[in-house]
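Read through the structure below, which is laid out as structure tokens, and then see the notes.
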Amino acid sequence: MQKATVQPSQTTSIAGLFDALLAQQIANPRDRDIFRVRVQRHFNDCFAGLDALYAQHPAWPALLEQLAERLVAAYAQRRDVLKIHDLAREIEPDWFAQARMVGGIYYVDRLAGTLRGVIEQIDYLQDLGLTYVHLMPLLQPRCGPNDGGYAVQDYRAINRELGSIADFIELSDLLRANGMSVCIDVVVNHTAKEHEWALKARAGDPTYLDYYLSFADRSLPDAYEQHLPEVFPDFAPGNFTWYPELGEHGRWVWTTFNEFQWDLNYANPMVWLEMLDILLHLANLGVDVLRLDAVPFMWKRLGTNCQNQPEVLDLLQSWRAAMRIVCPATIFKAEAIVAPDDLVQYLGLGQRTGKLCEIAYHNSLMVLLWSGLASQRADLLTQSLLNMPATAGNATWITYVRCHDDIGWAITDQNAALVGEDGPLHRQFLSAWYSGEFAGSFARGEVFQYNPITNDRRISGMTASLAGLEQALANADPTAIELAIRRIGLLYAVIFGFGGIPLIYMGDELGMRNDHSYLNDPCKANDNRWLHRPAMNWALAAQRHDPTTLAGRLWHLIRNLITIRQQTPALHSAGQTIPIWTQQRHVLGVIRVHPLGRILILGNLSAEPQRVALSVIHEAGLVGNLHNLLEPARLNIDVQSAEIVLDSYQCCWLCEPAKNF
Ligand code: GLC
């Protein structure tokens, strides 16, 4: 990125432009002042990103003018209640990093049918203790197959089957009033081929043809393909699709995902601007967190895999700064399921510290936890975490065990080699383990998108099914049931203590398992990610307060983690997260360092009890008496051997009892 800043002459003209627009559209002088202060603070960051990307583009002068117009127009439309919310968040900029944050992920239709149905279930979300609710794709998708809602036809309309804009505003206001922030998905990399821009492109409008990436013949697509991986090699091979009706004689459209999802052309500044307008519109509905879908793919460069290009960071930085001027209460979550070194970039490192996304999925932690459970070893997990660059500034992770997508074994060969593993073999082992093919496996997942060229086999399945509960119940094996519950408890205990916002995937709190009903729906049958997108089981939910039921045990387990986390301010994300070697290959160790004190997370990844020397705990900075925050009564110290004994799959959060957390 060039270190461009607004030049003095431009400052005068841009400030003058903002002043004129504010005078026309914003009646309240205090609101105008607030806007101006934010422009002074953030406009340079917006400008720098745009300058790096578009300074040579013919639309450059018009871009800045239109940007100013759209920012002021969006500010004029912002409701007073949200403007107050903005001020509150500016006063408390670490709101999303606090230990009180705990999220849940829900498909609206699967949770409660419609948005109005969700309003009826707010009590349930509150009972669980959530402070953040991610409502899965909500915007109007195309008809027919739509990749679970990720093929959006209209970004300004709520999916008609789920409700209306008015319902959404009512729900988000209610959630906020009950202490819960709202996250929704914005698919920024592509639109449905039925989106109005695509329809205009298909009707021959050259302006809109330039909103997408398309080619008259195969020469460039073939050149790009040499370095492009396939996201859905099974049901959507290749990255380009031929559309005979496009252009004069047909064109190849860039379609990274399904053929009906057309990649946008961000080399065109109007695309950046239009999408900004959509982000502002959604923020004005009351969205707190915008989950930017598939961000790594937004910029293409010949000879590369067309992911994580530096320009993507410019695009994000400019959006980020623009949003901070109009609606600072809204933050960005990056959906970047990429290698660790690339992943941390989205949280803003170096010069971009504090300028990109506030949160991003910790895909590596999720993958490595499952890897650790299968191998019963912590070394690859520890090594990979140690090799990840630290996050900077206020930015933090979304930690999770499962989400609506498959698990891809994003483990680098280099990290595997450092702990004596062969990367490809280990990844094959994990696929075999979690698909249940491996002898002795406890898991009941399914292979998603086998790629015969790379031998890559991703995995679908609910947490409970992957962790052994489905098989244990099928075999009516009480010991196996107990172990499966402990595995789920271990995974969630680690993500709750690790640092960041932990997310609970819908139904995990009740031990919900794989659901094969998707096979009856022709729009879903070829995509087994629906295996782990079951409809909420309200009969199970009704058992949640009964500790003699399975659902009740899991509910209690997760509810307890929530309570303890929320009572432990030292788990604020600003604390450091430092992985350590426990000198015990089966036990994961992570220290959380915070001015209020240290917490050492120890997680036994094996089905057997394991011992960790007290000297390891002392070296981690815990020298006094020990207290297990998670289960005070379950702290087993063998004084004679000077070791702590962890039960099978036990996770402890150790601290010194005198500390005031
Ligand atoms: C994201 C979504 C995934 C979808 C893809 C394409 O990765 O999580 O479900 O298939 O984007 O939009």
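A few comments on the model shown:
- The set of residues from the stretch 379-414 being within 15 Å of Gly499 (Cα to Cα) and under 15 Å from the mean Cα position of the chain (by Cα) comprises Ala395, Thr396, Trp397, Ile398, Thr399, Tyr400, Val401.
- Considering residues of the stretch 270-310 that are within 16 Å of the ligand (Cβ to nearest atom) and assigned to a helix (DSSP H, G or I) only, the residue surrounded by the fewest Cβ atoms within 10 Å (Cβ to Cβ): Ile278
- First in the stretch 180-198 and among the small types (Gly, Ala, Ser), second anywhere and part of a loop (DSSP other than H, G, I, E, B) and more than 13 Å from the ligand (Cβ to nearest atom), Cβ under 8 Å, 6 or more apart: Ser181/Thr131; Ser181/Asp288; Ala198/Tyr211
- On inspection, Glu194 does not qualify as charged (D, E, K, R), in a loop (DSSP other than H, G, I, E, B) and touching a Ser or Thr at 6+ places or on another chain (Cβ under 6 Å).
- Selection status of Ala201, away from the ligand (no atom under 16 Å from the Cβ), modelled with pLDDT of 95 or more and crowded, with 21+ Cβ neighbours inside 10 Å: yes
- Number of residues in the stretch 359-380 that are crowded, with 24+ Cβ neighbours inside 10 Å and either in contact with a Pro (Cβ under 8 Å, 6 or more places away or on another chain) or in a loop (DSSP other than H, G, I, E, B) (or both) equals 3.
- Odd one out for Leu343 among (1) crowded, with 22+ Cβ neighbours inside 10 Å; (2) closer than 25 Å to Gly104 by Cα; (3) at pLDDT 95 or above: (3)
- Residues of the stretch 1-47 classified as more than 23 Å from Gly348 (Cα to Cα), among the polar types (S, T, N, Q) and modelled with pLDDT of 95 or more, total: 3
- Just so you know, in the stretch 247-268 the residues that are more than 20 Å from Trp299 (Cβ to Cβ) and at pLDDT 95 or above include one that is nearest to the ligand (Cβ to nearest atom), and it is Asn258.
- Enumeration of residues in the stretch 210-257 that are crowded, with 19+ Cβ neighbours inside 10 Å, over 29 Å from the mean Cα position of the chain (by Cα) and polar (S, T, N, Q): Ser214
- Qualifying residue in the stretch 150-159 (condition: small (Gly, Ala, Ser), away from the ligand (no atom under 15 Å from the Cβ), surrounded by fewer than 21 Cβ atoms within 10 Å (Cβ to Cβ) and not in a strand (DSSP E or B)): no
- Residue within the stretch 447-466 that is part of a helix (DSSP H, G or I) and either surrounded by fewer than 19 Cβ atoms within 10 Å (Cβ to Cβ) or among the polar types (S, T, N, Q) (or both) present: yes
The values are calculated or read from the model by the stated rules, or taken from the named source; none is laboratory data. Everything numeric here is computed off the predicted structure, so don't read it as measured data. No Cβ is skipped: glycine too gets one built from the backbone with ideal geometry, and neighbour counts run over all protein chains shown.
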